[in-house]
Amino acid sequence: MTQLSVPKWLLLPAALGALLVAVPILAMALSVDWSNFSSLVTSEASTDALWLSLRTASVSTLLCLLFGIPLAAVLARTAGTAATLLRSLVLLPLVLPPVVGGIALIQAFGRRGLLGSTLDVLGLQVAFSTTAVVIAQTFVAMPFLVISLEGALRAAGTRYEDIAATLGAGPTTVFRRVTLPLALPGLVSGTILAFARCLGEFGATITFAGSLQGTTRTLPLEIYLQREGDPRAAVALSLVLVAVAVIVIGLTRTRRYSLTAGTP
Amino acid sequence: MSFLRTNHHSYAVRSWSAVAGLLLLAACGIGAGADADTNSTARQQSSASTPDRTLTVFAAASLQKPFTQIGKDFESAHPGVTVRFSFGGSSGLVTQLSDGAPADVLATANEATMDQATAADLVSGQPTPFVSNTLQIVVPQDNPVGISSLTDLTKPAAKVVVCAPAVPCGAATLAVERAAGIDLKPASEEQSVTDVLGKVRSGQADAGLVYLTDVAGAAGDVKGIDFPEAKAAVNTYPIARLRDARDAALATQFMAAVTGPQGQDVLKAAGFAAP
């Protein structure tokens, strides 16, 4: 084992912190009714919820990338009051309780909201649709992508970009071939964080999109509902969600190492 | 080097002040708790003859307004007594109690959930029915799709929101659907009756099924429409003393206040009917 490079007194609070997370998860795993586990998690309601969650979280993550990459680039390469204000605004969903986000979304996209009638004219019915779930997830998850990518872009600096520009590369070429590859580890971890946040989204969804099996009832909503009817199913499904989260975190770690290994 | 050091120093100062800020916040939280303690001590001193007593009541969400009122009346009739409420979905409350939440009295929104509490050996004695509640159709004030009966809820244009079958109001909804011989296609099955009301109140939904008392509580924003099939699902609310009650005598007194004439008046004013 290598020499510890941290003061020894840090170990106790570090261990307590780890236990605070580990004990509840372990306790939940121990309380699972394993003999009925497969029937509990493979009921139609459960699989509907799982697939809906995976589908909506994937689409929402794509939307986060579509809007979040340009936002992060703008924020990382500009300074001044306007940039600070824009950053505070974009990161606002990080500090808002999701239910507040849901209420705000109703005021904007709801049937009687600011944009509701315009959307109606366009033939878009957002209320109680899967689209509403995707909007809610994108709203709460995008800041995670923006914050990680902006940090990576700032850390990478502008040296290579400047050199590429002096060598005759246009702004788009520089962005595509220099800026993004340098910030790739940040982009990947930001994407995975955003996906995980989409998967766990609850408050904004139940407030804004409602709860209907196969349409708007994602896995967290199904777990919350099962708590009322069949607590054993709620525990079993929670474990499924933990498993998905663990896979996602594992993905971040392995990817980050391979990427940093490949970066000069 | 010295530049670096100052930089480090100011960074450290900043992080420590952040930590100090957090600790201060935490202290405020603790302080608030301590405040409550001082209050009760003060109360105890002011009425030295009667010792300070606290009663904890777990009650269905629909009881929030009348029970808060009954609690206030009870406190003024019993000096030195503090009544604390936890309002929530009935099944959720029973789950909390079986997980060991400390409480003296339980009032649920239907008999099925009280039966669960009895089966889990949480209740002491026989639960007493004290009010009943029926479903009503709720529509926004302007009734955009012109709902006037239960069958109107099956109109394709109507966005209807109901409770999920797992919660008491959803079970009642299923019962009236069966009685009317219709099959609702809701846009959403909500977790609680207040969520249904909220979606109708905000105009997100065109109609919903909630309790009469919920409509009464939101008068002005929404309209209630009676329907004959509602008789198929009259919810009776039982109240019971809990086996682990710390103050059994006080719990019994509170139950008497709820079932007594004064409590019944408050409940009737909120839209509840006799059991």
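The values are calculated or read from the model by the stated rules, or taken from the named source; none is laboratory data. Remember, it's a predicted structure, so these values are computed and weren't measured experimentally. All Cβ positions, even for glycine, are placed from backbone atoms using ideal geometry, and neighbour counts span all protein chains on display.
Of the candidates B:Asp99, B:Asp152, B:Asp104, the single residue that is under 25 Å from B:Gly71 (Cβ atoms), among the acidic types (Asp, Glu) and buried (at least 18 other Cβ atoms within 10 Å of the Cβ) is B:Asp104.
To keep it simple, each residue is scored yes or no on (1) touching a His at 6+ places or on another chain (Cβ under 9 Å); (2) crowded, with 17+ Cβ neighbours inside 10 Å; (3) within 14 Å of chain B (Cβ to nearest Cβ).
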position	(1), (2), (3)
A:Leu145	no, yes, no
A:Gly151	no, no, no
A:Leu187	no, yes, no
A:Thr207	no, yes, yes
A:Glu222	no, yes, yes
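Here region B:69-88 is the region considered, the condition is being part of a helix (DSSP H, G or I) and of a type in the set (Gly, Ala, Ser), and the residue that is surrounded by the most Cβ atoms within 10 Å (Cβ to Cβ) is B:Gly71. Can you spot a residue in region A:154-168 that is outside any helix (DSSP H, G or I), among the charged types (D, E, K, R) and farther than 30 Å from B:Lys199 by Cα? No, region A:154-168 contains no residue that is outside any helix (DSSP H, G or I), among the charged types (D, E, K, R) and farther than 30 Å from B:Lys199 by Cα. Exactly one residue among A:Arg227, A:Arg232 is modelled with pLDDT under 90 and within 11 Å of another protein chain (Cβ to nearest Cβ), and that residue is A:Arg227.
All conditions but one from (1) within 11 Å of another protein chain (Cβ to nearest Cβ); (2) over 21 Å from the mean Cα position of the chain (by Cα) apply to A:Leu122; the one that does not is (1).
Would you say B:Gly170 is touching a residue at least 60 places away in the same chain (Cβ under 8 Å) and out of contact with any His (no Cβ under 9 Å at 6 or more places or on another chain)?
No, not satisfied.
All conditions in (1) surrounded by 18 or more Cβ atoms within 10 Å (Cβ to Cβ); (2) free of Cβ contacts under 8 Å to residues at least 60 places away in the same chain; (3) under 26 Å from B:Tyr237 (Cβ atoms) hold for B:Val210, with the sole exception of (2).
Residue-wise test of (1) surrounded by fewer than 17 Cβ atoms within 10 Å (Cβ to Cβ); (2) of a type in the set (A, V, I, L, M).
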{"site": "B:Ala230", "(1), (2)": "no, yes"}
{"site": "B:Ile239", "(1), (2)": "no, yes"}
{"site": "B:Leu242", "(1), (2)": "no, yes"}
{"site": "B:Ala249", "(1), (2)": "yes, yes"}
{"site": "B:Thr252", "(1), (2)": "yes, no"}
{"site": "B:Gln264", "(1), (2)": "no, no"}
{"site": "B:Lys268", "(1), (2)": "yes, no"}
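Of all residues in region B:89-125, those that are in a loop (DSSP other than H, G, I, E, B), touching a residue at least 40 places away in the same chain (Cβ under 8 Å) and either hydroxyl-bearing (Ser, Thr, Tyr) or within 14 Å of chain A (Cβ to nearest Cβ) (or both) total 4. Return yes when B:Val193 is under 15 Å from the mean Cα position of the chain (by Cα) and away from chain A (no Cβ under 14 Å) and no when it is not. When the stated conditions are applied, B:Val193 does not pass them.
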